[in-house]
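The values are calculated or read from the model by the stated rules, or taken from the named source; none is laboratory data. All figures in this text were calculated on a predicted structure; none of them were measured in a lab. Counting neighbours? That spans all protein chains shown, and the Cβs are built from the backbone with ideal geometry, glycine included. Remember, those area values only see protein heavy atoms, side chains included, never the ligands or the DNA or RNA. Shrake-Rupley method; radii C 1.70, N 1.55, O 1.52, S 1.80 Å.
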Amino acid sequence: MEASLPPDFDSLRPPCARLTTAHEAWRERVRAFVDRHIAPHLDDWNRAGTFPDALYGETARAGLLGLGFAEDVGGSGPGGGLYDRITMAEEMHRLGSGVVYADLATHWIALPPVVRAGSERLQREVVRPVLAGEHRVAFAVTEPEGGSDLSRLRTVASREGEGWRLNGAKTLISGVMRADSILVAARTDTAERGVSLFLVDAHGPGVSREPVEGLAWYNASIGTVRFEDAVLPADALIGDEGGGFRALAEQFNIERLSGVGAALGLARSAVAQALAFTRERETFGQRLVDHQVVRHRLVELAGRIRSAYSYLDACVEWLEAGDTAVADLALLKIEASAVLEHCAREALHLLGGSAYQGAPRLERIFRESRIFALGGGTPEVLRDLVARQWKF
Ligand SMILES: Cc1cc2nc3c(=O)[nH]c(=O)nc-3n(C[C@H](O)[C@H](O)[C@H](O)COP(=O)(O)OP(=O)(O)OC[C@H]3O[C@@H](n4cnc5c(N)ncnc54)[C@H](O)[C@@H]3O)c2cc1C
């Protein structure tokens, strides 16, 4: 079972007896797609801060967009287990194209509640077109007044005849600038007053959007969306009134697992690049990797990645056995994002000034590494979740 040495992107992931040839075939399929449809354009897209909408259709036609969704709603059908999701995230991040994935993958968070509880009309007009790559959906929880503290959620849906009237604002929403529909968490002003989910037409009256200026590569499609007396039909309410937190909690667990795959994929990519560089570059009469401090640093990074994977494999085993392992998933997510930040920083350091001269993949990984500590819950919020789960 020992992986081939020296560690490259593939062998930085420790062997796992539960990964089958079917998983391997899926990995090859995703990798071939990334190499063909993303790799040749990545530097241009990075400079432009965006990618063409046509990529959604290409991803759907390659059978990747429908992963985890049933065939009768336009998905890929059987398969789509946890390792397939993780593999998809790893491979989509192998080249440091995290933002492409962030936009392409928002439907894995936004769509399941609509598939489960949306009306016939929404299955036809939203779910199927999204899985065909012809319609885009974003997921909006965070508000300008605060993201972590969901009890302060201020976006309000009021009853309006048979339907609803929505007021409020959401910010830092991935892919919202190109979205056709937005799944919005809002408080209802009925006796229930709980948080509910609403599917909102992004082009409808009362809905306006503006991009969020921020960390360079994130500019293009991340944005703020405002609802000013946006009138929604009755079937915009997804699931039970007041049932939004429950639906969100389920989605966040899945988001954490994909996020872990993404973070560890980026970490492997960074360390593999640093190792390749230090085997070539010479200083003080020997290769960089022949300096003990350098090789110790690389071994330390590889060891952190392999430890995180052991924890990931344990979590997958528990989940597949029916235990949601909420606390462990939260701890794993904290660890994977810390491993990524450590690897990205150290890899950049090992490249020295070269990291600033034509090492765009590593530069992107370093830039994107921070978001993994925020998205899906910050470490502070997740540690509180763990303490609650363990009834401290
Ligand atoms: C690139 C990017 C993409 C995103 N995409 C989406 C998206 O698609 N949809 C969406 O809904 N949101 C999205 N977000 C928002 C993200 O989920 C939030 O940034 C995150 O939840 C944190 O919320 P906040 O930014 O309001 O920080 P705050 O809640 O204001 O927290 C600020 C800091 O204080 C800390 N903190 C908060 N409370 C406590 C406490 N009780 N004790 C100790 N420390 C605390 C936090 O950990 C954090 O470090 C995105 C963010 C980014 C940067």
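Some points to look at:
- Using alpha-carbon coordinates, inclination of helix 244-280 to the longest axis of the chain, degrees: 20
- Label-point gap, in nm, between residue 281 and residue 389 - each point 7 angstrom along Cα→Cβ: 3.9
- Think of segment 210-260 as having a plus end and a minus end, set by charges on the Cβ of Lys, Arg, Asp and Glu; of 234, 247, 259, 259 sits farthest toward the positive end of this dipole.
- Packing-based ranking, highest mean first, of 29-42, 161-174 given that Cβ atoms within 10 Å are counted: 161-174, 29-42
- When peptides 305-316, 92-103 are sorted by average Cβ neighbour count within 10 Å, with the highest value leading, the order is 92-103, 305-316.
- Simple Cβ-charge dipole of segment 196-321, Lys/Arg +1 and Asp/Glu -1, about Cα centre, in debye nearest 20: 1020
- Percent accessible area from carbon and sulfur atoms, the chain, protein chains only, probe 1.4 Å: 52
- Heavy-atom surface of the chain, accessible at 1.4 Å and reported per residue (Å²): 44
- Placing dummy labels 7 Å off each Cα toward the beta-carbon, the span from residue 291 to residue 21 is 4.7 nm.
- Placing unit charges on the Cβ atoms only, positive for Lys and Arg and negative for Asp and Glu, gives segment 21-131 a dipole magnitude near 140 debye about its Cα centre.
- Per-peptide average of other Cβ atoms within 10 Å, ordering 363-375, 347-359 highest first: 363-375, 347-359
- Helical contribution to [θ] at 222 nm, DSSP H n ≥ 4, -39,500 (n - 2.57), averaged over the chain, rounded to 500: -14500 deg cm²/dmol
- Calculated FRET efficiency for the pair residue 28/residue 149, C-beta based, R₀ 45 Å, to 0.05: 0.55
- Here the Karplus curve 6.51 cos²θ - 1.76 cosθ + 1.60, taken at θ = phi - 60°, turns the phi angles of segment 357-373 into couplings of 10, x, 10, x, 5, 5, 4, 5, 4, 4, 5, 7, 4, 4, 4, 5, 7 Hz, with x standing for Gly and Pro.
- Computed E for residue 116/residue 39 - FRET, C-beta separation, R0 30 angstrom, nearest 0.05: 0.30
- Computed from Cα positions, the angle between helix 21-33 and the longest principal axis of the chain comes to roughly 80 degrees.
- Once the Cα atoms are used to define both axes, helix 82-93 deviates from the longest principal axis of the chain by about 70 degrees.
- Cα-centre dipole for segment 250-364 with unit charges at Cβ (Lys and Arg positive, Asp and Glu negative), debye to 20: 620
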